[in-house]
Amino acid sequence: MNVPPIVDALIRPGAITMSTPRTDPVPPTPAGPTATQATAPRGGHAAPALRRLVLVELRKTADTRSGRWLLISAVAIALVVAVARCLSGDASERTFQGAFELTLFPLALLLPVMGVLLVTAEWTQRTSLTTFALVPHRGRIVAAKLGAGVLLGVAAFVLSLASAAIGNVVGSIAGGADGSWSMSGDLLYQSLVGQLLGVLIGVGFGLVFVTSALAIVMYFALPTVFSIIRELISGIRDAMEWIDMNVAFEPLFEGTATGDDWGKVVVAATIWVGIPVAVGTWRVLRREVK
Amino acid sequence: MCDAAGADSLCAMIDVVGLTKRYGAHAAVSDVSFRCEAGTVTGFLGPNGAGKSTTMRMVCGLTVPSAGTSTVVGVPYLALPNPGREVGVLLDASAQHAGRTGREILTLSAMVLGVGRDRVDDMLEQVGLSGKAATRRVGDYSLGMRQRLGIAQALLGDPQVLILDEPANGLDPEGIAWMRGLLRGFADRGGAVLLSSHLLNEVEAVADRLVVIAGGRIVADGTKADLLRGAGTRVRATDHDALRRAVADAGLTSETVDGDAELVATDDAEVVGRMARDAGLVLLELRPADGAGLEHLFLSLTSGVAEGSAAAA
């Protein structure tokens, strides 16, 4: 059979200008595709506000069974730790601040994982296909995920406060506790900074390493490698204090950061937050979405 | 720019010009150009791996083309502020978070699109996923249900253009008939549909135009009538060998199809009929090759190029 007749059929209309203005009224269509006037600009629908995209990202962290359990376990762990703190141990530490301080650590472990999952779930579950088809400016999605991460960090901070308060009340009722409500202002804001840095490191690692398992392993392994190097090579120990996030961020969770400590926080944050977020964003912007 | 209601004028809702995608030395898509007009359903046909999905991803801004451009409703996809309101996209029905319910997935999209939650329920209803199915996790959905959900998601923003990659995969015959009706109605109201498939019979019933791709290149593009013109005449006789001889004697070329029928390379059935009479043949069948011809055409168009590119690679 001959193909040439088909090849004839390939002839396309060619370049046709579409600028001819319509003068007849456009009949209303009852349903389906909305009729738009020829003069109306295409894409007249506004882009979703960044605030709305942040809300969508937050909702995504809570609308799956695994995501919900991660959040529920975070709340449960904070409560258990805070109440346990106010029921046992040295009476002088059974305080609001003592309970608050203790809840910071488990949440500081969970927050980076949440930050990682905020990003990697898109790739492992392949929802990126929908996400980026609806919002083709991928930088806005990255920004929304960073925003959602910040809100998760704030939520964890509030959770620490709330569970510490509950713990302190329970401890006071049970007796034997100091029950003091005093709180160091430095600890408050510094721990908030610490938690925010943690979740943002998670988002950055998620952006760079793309798959959940790799990003989470890297988050726990890389800083440990740096700590080991710092211990082994005494000559660079001082320098490593600026690079090792375990050292640099530690004072934040005790509310004791002063002077030089802040310099270390800034340098370590640049290395562990700034660089991963920048490199990861660049990757996401260029990556083929399949 | 063109308007959606202008089905009478030529109106490119999707305009693809010279799209090319190379991965290293391998060209997955080479210089692909076609248009989809308002009020039409365009079938994008080709074997698996022909470049259909890559082309569609390039149109939707998910894959950066190596060369070429594309527009949807007159502008590049990336320039659409809220693309879901203009273009409904379904590229892979399985690309959903298995842990979310069907309703939740549509609710997330509705938030991005800025459409009301009542629209979510309407769409679930329209694709037959209302009630219990809507609150089940998508991980428990069959592929057919995922396709329905994906179509609901594509329709959610009330778009004028639909881009659907293999939407019939996993649908049962009833589901395929349902989807045909839905897409036909969408086009009849002035929308444009681009619908890919590797199976001709899935799209030929609903498509107005067919764009055939093989080995990353467009090998045929036209209306069904255009493509069938020259598809030939199908003839069957009691004596198959005598028929073949008679065709050859008449100076016509033919091919044996379906075992005992001949596909003669002429659109003039009368010529074939007279030839049969002169040869004293008893005919069992004499008609223009339609569906079967199209299928034959599709196979011949795609297999040759696919083999060629495989040999080159």
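Each value in this text was obtained by applying a stated rule to the coordinates, not by laboratory testing. Keep in mind that what you see is a predicted model, and the values were worked out from it rather than measured. Because the Cβ atoms are built from the backbone with ideal geometry, glycine has one as well, and the counts that use them run over all protein chains shown.
Summary of computed values
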quantity: Whole-number percent relative contact order across the stretch A:48-286, with pairs defined as alpha carbons under 8 Å at least 6 apart; calculated: 25 percent
quantity: Lysine pair number, Cα distance threshold 27 Å (strictly under), the protein assembly as shown, separation 8 or more or different chains; calculated: 9
quantity: Gaussian network model of chain B, springs between alpha carbon atoms under 10 Å - residue of B:LEU297, B:LEU200, B:LEU90 with greatest fluctuation; calculated: B:LEU297
quantity: Antiparallel DSSP beta bridges within the protein assembly as shown, percent to nearest 5; calculated: 65 percent
quantity: Mean separation of Cα contacts under 8 Å (6+ apart) over length of the stretch A:32-166, as relative contact order %; calculated: 35 percent
quantity: Size of electric dipole in the stretch B:17-149: Cβ of Lys, Arg +1 and of Asp, Glu -1, about Cα centre, debye, nearest 20; calculated: 300 debye
quantity: 5 angstrom amide H check on B:VAL219, placed H, neighbours 5+ away; calculated: B:VAL212, B:ILE213, B:ALA214
quantity: Unit charges at the beta carbon, dipole of the stretch A:48-286: most positive-side option, A:SER66, A:LEU111, A:MET245; calculated: A:SER66
quantity: Choice from B:ALA214, B:ALA154, B:ALA79 with maximal GNM fluctuation in chain B (Cα, 10 Å cutoff); calculated: B:ALA79
quantity: Residue exposure sequence - A:ARG287, B:ARG57 - by fewest surrounding Cβ within 10 Å; calculated: A:ARG287, B:ARG57
quantity: 10 Å Cβ neighbours from other chains, averaged over peptide A:238-250; calculated: 0
quantity: Rounded to 5, percent antiparallel among DSSP beta bridges of chain B; calculated: 65 percent
quantity: Cα-only Debye scattering, the stretch A:48-286: base-10 log of I(q)/I(0) at q = 0.12, 0.17 Å⁻¹; calculated: -0.72, -1.21
quantity: Cα-centred dipole magnitude for the stretch A:48-286, charges only on beta-carbon of K, R (+1) and D, E (-1), debye, nearest 20; calculated: 1440 debye
quantity: Inter-part distance where the stretch B:88-127 and the stretch A:86-119 are each reduced to a Cα centre, Å; calculated: 37 Å
quantity: log₁₀ of I(q)/I(0) at q = 0.09, 0.15 Å⁻¹ - chain B, Debye sum with one point per alpha carbon; calculated: -0.54, -1.15
quantity: Chain B: most fluctuating residue of B:GLY150, B:GLY49, B:GLY88 per GNM, C-alpha cutoff 10 Å; calculated: B:GLY49
quantity: For the stretch B:195-261 and the stretch B:35-75, distance of Cα centres in Å; calculated: 26 Å
quantity: Peptide-level mean, for B:76-89, of C-beta atoms on other protein chains within 10 Å; calculated: 5
quantity: Amide H partners (placed H, <5 Å) of B:LEU90, local residues excluded; calculated: B:ILE163, B:LEU164, B:ASP165
quantity: Contact order normalised by residue count of the stretch B:82-209, Cα under 8 Å, 6+ apart, percent; calculated: 31 percent
quantity: Computed over the protein assembly as shown, Cα set: Rg, Dmax in Å; calculated: 31.6, 116
quantity: Only Lys, Arg (+1) and Asp, Glu (-1) charged, at Cβ; the protein assembly as shown dipole about Cα centre in debye; calculated: 900 debye
